[in-house]
1. For every other residue with a beta carbon closer than 15 angstrom to the beta carbon of residue 55, add +1 if it is Lys or Arg and -1 if Asp or Glu, then tell me the sum.
2. Once the convex hull of the alpha carbons of the chain is built, what does its volume come to per residue, in cubic angstrom?
3. How high is the FRET efficiency between residue 33 and residue 77 when r is their beta carbon distance and R₀ equals 22 Å, given to the nearest 0.05?
4. Report the full-extension gain for the segment residue 14 to residue 1: residue separation times 0.36 nm, less the Cα-Cα distance, to one decimal in nm.
5. Roughly how many Å² of residue 84 are accessible to a 1.4 Å probe, to the nearest 10?
6. Can you give the calculated 222 nm mean residue ellipticity of the chain, where each DSSP H run of n ≥ 4 adds -39,500 (n - 2.57) and the sum is split over every residue, rounded to the nearest 500 deg cm²/dmol?
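The values are calculated or read from the model by the stated rules, or taken from the named source; none is laboratory data. Note that the structure is a prediction, hence the values are computed from the model and not measured. Here the Cβ is made from the backbone with ideal geometry for all residues, glycine too, and neighbour counts use every protein chain on show. We work out accessible area using only protein heavy atoms, side chains counted, and drop any ligands, DNA or RNA first. Shrake-Rupley method; radii C 1.70, N 1.55, O 1.52, S 1.80 Å.
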Amino acid sequence: MRILEFGSGALLAEFGSLAEVLAHYRPLAAAPLPGVVDLVPAARTILATFDAPAGAAEVRRWLEGTPPDGGGHAAGAELVIEVDYS
């Protein structure tokens with residue numbers, strides 16, 4: 001994981017794959033750090049925005065110190081969404 005400053009109120013964590021992003025995102029979202037306003041996962045990144053009390057150094061330690069989970073999502077599972085256009 002590589003962590004980059006993203007302005008004064010955000011950090012961008014970069015990963016090698018979507019699977020890594022998801023493995024890190026789930027435990028981060030399950031135990032949010034006070035002061036973290038939003039976590040935005042993407043294909044290879046997680047953007048963590050925070051307010052001033054959290055501080056970049058504390059958010060960086062939280063991102064680096066939260067271990068990834070072992071997975072547990074069903075890759076390729078079919079999802080059916082009922083739609084009615086009447």
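1. Numbers: positive: 60, 61; negative: 5, 51, 58, 64.
So the surrounding residues net to -2.
2. Numbers: hull volume 11.7 nm³, N = 86.
Convex hull of Cα atoms, per residue: 136 Å³.
3. Values: r = 30 Å, r/R0 = 1.38.
Using R0 = 22 Å, I get an efficiency of 0.15.
4. On the way: separation 13, 0.36 × 13 = 4.68 nm, distance 0.55 nm.
The span from residue 14 to residue 1 would gain 4.1 nm if fully extended.
5. Per-residue accessible area (residue 84): approximately 120 Å².
6. Numbers: 2 runs with 23 residues, N = 86.
It comes out at -8000 deg cm²/dmol, rounded to the nearest 500.
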